[in-house]
Structure formats: structure tokens, C-alpha cells
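In what follows, a structure is listed as C-alpha cells, so that the remarks can point back to it.
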């Protein structure tokens, strides 16, 4: 399919990051395809992600390798901008679905000149429970291509806005404007993924010279407890488990920072243990 800008209602390109998303991708394509060009930035899927995308008229790109896993760099953003023929970018993931009212609002915004970034409400489901949200937050997933800089971007970062405060629009925190985030975790996947995120965060802090401190750890734990308690009290036992898992994620990140500061590795641990064993066995 040849993309023609006039075929669409808006001045938006929907950039969706994917990896083996054949189960979730059909919902995304159905959600966004009438509102702009859908482009996949894929991380090397081995399932039918590419075939599904291209058969639905979406554009498939292989995501360039960045300097760090889970972090989008200015190099990657420049790659994206090379194929953009719209001024506005929706920056999203295959586990997010937008209501029609939100897409119509984004379409309206894409036609004006003042606003250059939009903070979108993000409502998250966890552990398959759709009776209540586990988290309500905001994300800068919609922006003008010339007003975001990804230099020195951090894990889970969406770049740095380089416009003025009066050019940022925060949408009302209501259902009709909220992206629905269907976060697919069980315990095994949560621990695997968040250990990787904790490692990345700790490495970033270490490179920046940030030191481990008990107060920083306690502040992070209390912060996450508060953030996730605001919604998860409605989720009963599952809500308590969700809170504890995210608190554990904070603890893992700061534990890794402590290990990096003090050169604690399996090798150094064994070396220290060997010295103590020698002391214990010196009479044998």
C-alpha cells in the first residue's frame, strides 16, 4: 500500500514499538489506522508481527540498535524523523488502546499551531484484572516532531520537551481522554522484565555519579507505595500484591546501585568467601 497523506483525517504518524506482538497488534491497527499512518518500529520480531502489519497497510521498520537496551536515543529518533511526513507523532506501544474521543481530540490538536506537546492520561490494567485500574498516570505520548530532543534520554523516557510551558496541553483526567494500558504481566514475566529495568536504572544512576543512600531508598519505596495504593485498594488481595511487586522493583534498582558502587559481583563474593574459608581451614 502506498501512503498518501490526504487519505487520513489528521497530521499524525502513529509510531508503535513492537516485539512479537501478533496477539495484540490487530487491536492496535484497528484502533489507529483511520486516524493516520501507522508505522511499526520493531525490535526483531520472530512471529507474524511484520506480516500482520503490512497486510493491514502499516509500515514496518526494523528498529536501529541503540546505545542502551530499553532506551530510545536521538539517533533512533532521527531515524524515525527520516520517514515522517507529518508534523505530529503519537509515540506508543502495542499494549495501549485509545478511545475514539481521544483520537478525535488528537486530530483536532494536530491542526492547530500553538500546542506542541500533549500529556495524555494513561490508565493501566495489571495481572489481567479489568474491573479496576491498577494505576492512573500521565504520559507525553503525543508531540510535534520538532519539539522533542532525545539526547541523554533515560530508561522509559520520552525525550525532553524543548518548547515553552504554554505549549504543553494536559488533557483532563477522564475516561474519554485516557489511553488504556493493558500491561500483560504474571509474576515470572514481571520479575524477568523488571530485573532488566532495575539493572538499566542502576547503571544510569552509577554513570551519573548518584550514590546509594538509605533515605533515597526509603523515599522511593514510600513513593511507589503511595502511587500504587491510590488505585489498588480497590483490587483487594491482588492490589496488595501489585503494590509489593512494584516496591520490590524499587528495592532491586537500589540494591544494584549499591552493588555497582561497592564492586559486588559473584566473582568478588567468591573471592571474599575464599579468604574466610582459608582462615577457617588454616588448622587443617
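Brief remarks on what is shown
- Of all the residues in region 102-151, those that are in a strand (DSSP E or B) and within 19 Å of residue 81 (Cα to Cα) number 9.
- Just one of the listed residues (229, 253) is surrounded by fewer than 17 Cβ atoms within 10 Å (Cβ to Cβ) and outside the structural domain of residue 124 (by TED's automatic domain parsing), and it is 229.
- Here residue 144 fulfils each of the conditions (1) more than 28 Å from residue 126 (Cβ to Cβ); (2) modelled with pLDDT of 95 or more; (3) surrounded by fewer than 18 Cβ atoms within 10 Å (Cβ to Cβ); (4) over 18 Å from the mean Cα position of the chain (by Cα) apart from (3).
- Criterion violated by residue 200 - all others in (1) buried (at least 16 other Cβ atoms within 10 Å of the Cβ); (2) assigned by TED's automatic domain parsing to the domain that holds residue 14 satisfied: (2)
- Residue 180 being within 30 Å of residue 106 (Cβ to Cβ) and either modelled with pLDDT of 95 or more or assigned to a loop (DSSP other than H, G, I, E, B) (or both): yes
- Matching residues in region 67-102 - criterion: being closer than 20 Å to residue 24 by Cβ, at pLDDT 90 or above and surrounded by 15 or more Cβ atoms within 10 Å (Cβ to Cβ): 90, 91, 92, 93, 94, 95, 96, 97, 98, 99, 102
- When residues of region 108-126 are limited to those that are crowded, with 18+ Cβ neighbours inside 10 Å and in contact (Cβ under 8 Å) with a residue 60 or more places away in the chain, the one nearest to the chain's Cα centre (by Cα): 126
- Residue within region 261-278 that is within 22 Å of residue 193 (Cα to Cα), in contact (Cβ under 8 Å) with a residue 40 or more places away in the chain and not assigned by TED's automatic domain parsing to the domain that holds residue 136 present: no
- The helices (runs of 4 or more DSSP H) falling completely within region 204-284 that include 2 or more residues that are under 30 Å from residue 130 (Cα atoms) and modelled with pLDDT of 95 or more map to 214-232, 236-261.
- Restricting region 152-167 to residues that are assigned to a loop (DSSP other than H, G, I, E, B) and over 20 Å from the mean Cα position of the chain (by Cα), the residue that is nearest to residue 79 (Cα to Cα) is 162.
The values are calculated or read from the model by the stated rules, or taken from the named source; none is laboratory data. Keep in mind that this is a model prediction, so the values were computed, not measured. Neighbour counts run over all protein chains shown; Cβ positions are idealised from the backbone, glycine included.
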